[in-house]
Protein chains: 2
Amino acid sequence: MPPSDLTALASRYREGLRHAVYLVRSMDAEGEYSTAQVSMMNMISANPLRVGDIARRLGIRLPSATEMVIKLQRAGLVERLPDATDARAVLVSLTGRGQAVLAEANVRRNEHLAEQLGQLDDDERAVLEAAIPVMLKLNLSPGDEPAIIHAK
Amino acid sequence: MPPSDLTALASRYREGLRHAVYLVRSMDAEGEYSTAQVSMMNMISANPLRVGDIARRLGIRLPSATEMVIKLQRAGLVERLPDATDARAVLVSLTGRGQAVLAEANVRRNEHLAEQLGQLDDDERAVLEAAIPVMLKLNLSPGDEPAIIHAK
DNA sequence: GGGCACAGTTAGGGAGCCTAATAGTTAGGG
DNA sequence: CCCTAACTATTAGGCTCCCTAACTGTGCCC
């Protein structure tokens with residue numbers, strides 16, 4: 001594929017990305033908990049994770065993860081436990097209430113989005129579904145560096 | 001399509017949306033100007049717009065648009081002019097420097113994203129391209145004009 | 001055991017969004 | 001006409017989520 005076509009596709013995909021951001025924002029506006037919070041809770045729902053692991057997987061810096069954890073802890077959704085194998089580390093796990101809230105938030109968000117998806121026809125949905133794995137591949141900063149680095 | 005499949009698709013698309021958000025954030029980290037700023041500037045690059053029109057098309061509230069305009073004005077990229085037909089309104093237009101900065105920002109962002117797209121194979125790119133119009137359809141805000149971002 | 005690396009927190013700051021309250025302008029009905 | 005209701009934008013204050021820099025405490029290794 002010639003570079004000029006790539007750039008043209010990039011330009012159009014930027015529009016799609018912008019709309020995706022709006023969609024996420026509209027979902028955040030509906031529910032009690034933000035996308036960031038729900039993502040973090042989903043991340044630790046299977047196994048407790050260290051704060052550093054959370055930060056790395058969310059693509060943010062450690063202090064940002066600490067801040068989010070503290071807020072969720074104050075809301076009673078999350079616990080901070082010592083790691084038996086390393087006294088420096090802090091394990092973050094969902095409380096019982098956190099599990100309930102998370103389950104409900106996931107249902108809510110899925111239903112909200114399903115409502116939007118219901119307005120598409122079958123072909124459009126198939127096209128969207130096929131694109132999801134590609135969208136996942138496009139994630140920059142495949143593991144190490146956070147997505148956001150403030151210039152300056 | 002049964003509702004249960006819709007919800008399952010919603011759940012998977014949520015993951016795609018999350019990655020899209022990361023991608024946008026990583027593009028913001030690279031350049032000097034944010035996606036929000038570039039979108040606003042693209043919006044007024046053809047014709048000056050009123051602050052209210054900008055807010056509506058960006059899907060944000062009036063005070064948020066005012067704030068963004070003021071910041072861009074202080075950076076010398078944008079001007080606020082009176083509307084001859086309505087003394088209440090304020091028209092926002094790009095300065096010469098704003099036009100130059102915008103053109104360069106669009107090029108840089110497209111090249112940055114094109115680099116990512118270049119790592120896909122042709123089938124994946126075709127799938128992604130086909131999904132863009134569907135992504136745009138998903139963002140219709142009820143009652144109002146759809147938020148259309150003019151990427152260049 | 002001294003020094004360095006690592007995990008996390010604290011402190012301070014910025015972008016970008018919000019609601020509520022305010023000032024100024026327009027337009028329509030009495 | 002004028003008065004009021006509706007509209008446009010701004011100001012004020014507040015929130016989340018992200019950042020860097022500086023700090024505390026722990027682990028490791030020579």
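The values are calculated or read from the model by the stated rules, or taken from the named source; none is laboratory data. Just so it is clear, the structure is predicted and the values come from calculations on it, not from any experiment. Counting neighbours? That spans all protein chains shown, and the Cβs are built from the backbone with ideal geometry, glycine included. Only protein heavy atoms, including side chains, enter the accessible area calculation; ligands, DNA and RNA are left aside. Shrake-Rupley method; radii C 1.70, N 1.55, O 1.52, S 1.80 Å.
Quick look at the values:
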read-out: Complete set of residues in the stretch B:46-66 that are near DNA strand C (Cβ under 10 Å from one of its atoms) and either hydroxyl-bearing (Ser, Thr, Tyr) or within 19 Å of residue B:96 (Cα to Cα) (or both); value: B:64, B:66
read-out: Evaluation of residue A:26 against (1) more than 8 Å from every other protein chain (Cβ to nearest Cβ); (2) within 16 Å of the chain's Cα centre (by Cα); (3) without any contact (Cβ under 8 Å) to a residue 12 or more places away in the chain (one fails), failing number; value: (1)
read-out: Residue match in the stretch A:129-142 (condition: surrounded by fewer than 16 Cβ atoms within 10 Å (Cβ to Cβ), modelled with pLDDT under 95 and among the hydrophobic types (A, V, I, L, M, F, W, C)); value: yes
read-out: Subset of the stretch A:1-44 (residues that are among the hydroxyl-bearing types (Ser, Thr, Tyr) and either surrounded by fewer than 16 Cβ atoms within 10 Å (Cβ to Cβ) or part of a helix (DSSP H, G or I) (or both)); value: A:4, A:7, A:11, A:13, A:22, A:26, A:35, A:39
read-out: Any hit, the stretch B:12-23, residues being of a type in the set (Asp, Glu), in contact with a Ser or Thr (Cβ under 8 Å, 6 or more places away or on another chain) and within 14 Å of another protein chain (Cβ to nearest Cβ); value: no
read-out: Every residue from the stretch B:67-89 that is more than 7 Å from DNA strand C (Cβ to nearest atom), open to solvent by less than 50 Å² (accessible area, probe 1.4 Å) and either closer than 24 Å to residue A:22 by Cα or in contact with a strand residue (DSSP E or B) (Cβ under 9 Å, 6 or more places away or on another chain) (or both); value: B:69, B:70, B:72, B:77, B:78, B:83, B:89
read-out: Residues located in the stretch B:57-78, provided they are assigned to a loop (DSSP other than H, G, I, E, B) and within 12 Å of DNA strand D (Cβ to nearest atom); value: B:60, B:61
